[in-house]
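Readers should treat all values here as calculations from the given coordinates under stated rules, not as data from a laboratory. Because the structure is predicted, anything quoted here is derived from the model rather than measured. Cβ placement follows ideal geometry from the backbone for every residue including glycine, while neighbour counts extend to all protein chains displayed.
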Amino acid sequence: MNDWYRPISGRFPRVSGSDQVVAVLESLRGVWDEDAVDEFDHACQSAALAVADGADDGLVLAAALHDVGHSPLLADGSRAHDVIARDWLAPRFGARVGWLAGAHVAAKRYLVATRPGYGQTLSAVSVASLACQGGAAADVEFARHPWWPDALRLRAYDDAAKQPGAPGIELDALIGIAERLAVAAGR
Ligand SMILES: [Fe+2]
């Protein structure tokens, strides 16, 4: 058992980081933020698109877990789901994984503000949530960050990962990635 486990409101059993990844992913089955796919399929499709794009391990894991804030294991009603993702991922898999996942709402707001036509490509649910998230905005604090280009890549996977029946990453592959990142993060 890894000693870097951090309890979350007492709702997680004391398990390793990769087991936690499986637990939060499994908890997303039947969680519907979008109309077309549940959050489990959305997560696995996002990661598969990242792999197909040649993304590195950190970007693949961030793509898989960017919406983990919607998990009933983690949602607390007091923080936005992107903030929950960042706060949960960074201590386990490194600051970059947490930052990339935590930037996916900022990336949407930025692209709506700066890329003509982008807003018309969003799903109805994503358009509806945009207003609650503050609307279109080019936040320079994000946009000047060295990891920002990868945050925009993640956003593209996120937007595309809403196709019923589309392939998703195999859990074994994702677990391997999570374990490598946990080791690299010194966990
Ligand atoms: Fe998403």
Check your understanding: Somewhere in segment 25-36, is a residue aromatic (F, W, Y) and crowded, with 17+ Cβ neighbours inside 10 Å?
Key -> no
Practice item. Give the residues of segment 37-56 that are surrounded by 20 or more Cβ atoms within 10 Å (Cβ to Cβ) and charged (D, E, K, R), sorted by residue number. Key: E39, D41
Practice item. Considering only segment 96-122, state which residues are more than 17 Å from D82 (Cβ to Cβ) and touching a residue at least 40 places away in the same chain (Cβ under 8 Å). Key: none
Study note, to complete from the structure: When every residue in segment 41-55 that is more than 12 Å from L154 (Cα to Cα) and within 11 Å of the chain's Cα centre (by Cα) is compared, the one nearest to the ligand (Cβ to nearest atom) is H42
Practice item. Of all residues in segment 132-144, count the ones that are free of Cβ contacts under 8 Å to residues at least 40 places away in the same chain and not in a helix (DSSP H, G or I). Key: 7
Check your understanding: Checking A90 against (1) small (G, A, S); (2) within 26 Å of A36 (Cβ to Cβ); (3) not in a loop (DSSP other than H, G, I, E, B), which test does it fail?
Key -> (2)
Practice item. Please verify whether segment 111-131 includes one or more residues that are within 30 Å of V183 (Cβ to Cβ), within 11 Å of the ligand (Cβ to nearest atom) and in a helix (DSSP H, G or I). Key: no
Review point. For segment 107-146, how many residues are of a type outside the set (K, R) and under 24 Å from D35 (Cβ atoms)?
Key: 23
